[in-house]
Amino acid sequence: MSWMAWTWPTALIFIGIFSAIALLTIIEIKRPGGDERMGALRIVTTRGDRLFLSILGTVYIFLAWLGLVGMPLWIPLFLGVCWFVFCFSKV
């Protein structure tokens, strides 16, 4: 008896998040300091901050889409990728 229904999409999301954290760890070891900068939100952010804002924003995009529109999820996927690019380039 399992408490959570693990599917391939769920596993891929967790693998992606942990891979991003591992990649940021490797980058931080090679170039310490977090690459602080002030972006469009007018706050000083590091790589980790931008990753957190990207993941959090993407979750909100998907939840809003599911609550307001429903299926299919291709459009919020595109919006989430655009949000990720925006966060890492402008925030």
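Nothing in this text is a laboratory measurement; each read-out follows from the coordinates by a stated rule. Since the model is a prediction, treat every value here as computed from it, not as a measurement. Glycine gets a Cβ as well: all are built from the backbone with ideal geometry, and neighbour counts include every protein chain shown.
Mind giving me the nanometre distance, one decimal, between the label points for residue 10 and residue 78, set 7 Å out from Cα along Cα→Cβ?
The modelled label-to-label distance comes out at 2.9 nm.
So what does log10 I(q)/I(0) come out to for the chain at q = 0.13, 0.20, 0.24 Å⁻¹, using the Debye formula with one equal point on every Cα and no solvent?
For the requested q values the scattering log ratios are -0.55, -1.05, -1.25.
Test of understanding: what is the full-extension gain from residue 46 to residue 90, defined as 0.36 nm times their sequence separation minus their Cα-Cα distance?
Here the answer is 14.6 nm.
Relative contact order of the chain, please, whole-number percent, based on alpha carbon pairs below 8 angstrom and at least 6 residues apart.
Relative contact order of the chain: 27 percent.
Order of 44-53, 27-36 by packing, highest average Cβ count within 10 Å first?
Put in order of decreasing packing, that is 44-53, 27-36.
Pairs of Cα atoms under 8 Å, at least six residues apart: use those to get the relative contact order of the stretch 44-91, whole percent.
Computed over the stretch 44-91, the figure is 55 percent.
About its Cα centre, how strong a charge dipole does the chain have in debye, to the nearest 20, once Lys and Arg get +1 and Asp and Glu get -1 at the Cβ?
Taking the Cα centre of the chain as origin, the dipole is about 220 debye.
Add -39500 (n - 2.57) for each DSSP H run of 4 or more in the chain, then divide by its residues: what number comes out at 222 nm, to the nearest 500 deg cm²/dmol?
Estimated from H runs of four or more residues: -23500 deg cm²/dmol.
Give me the distance in nm between label points sitting 7 Å out from Cα along the Cα-to-Cβ direction at residue 25 and residue 71, one decimal.
Reported label-point gap for residue 25 and residue 71 is 3.7 nm.
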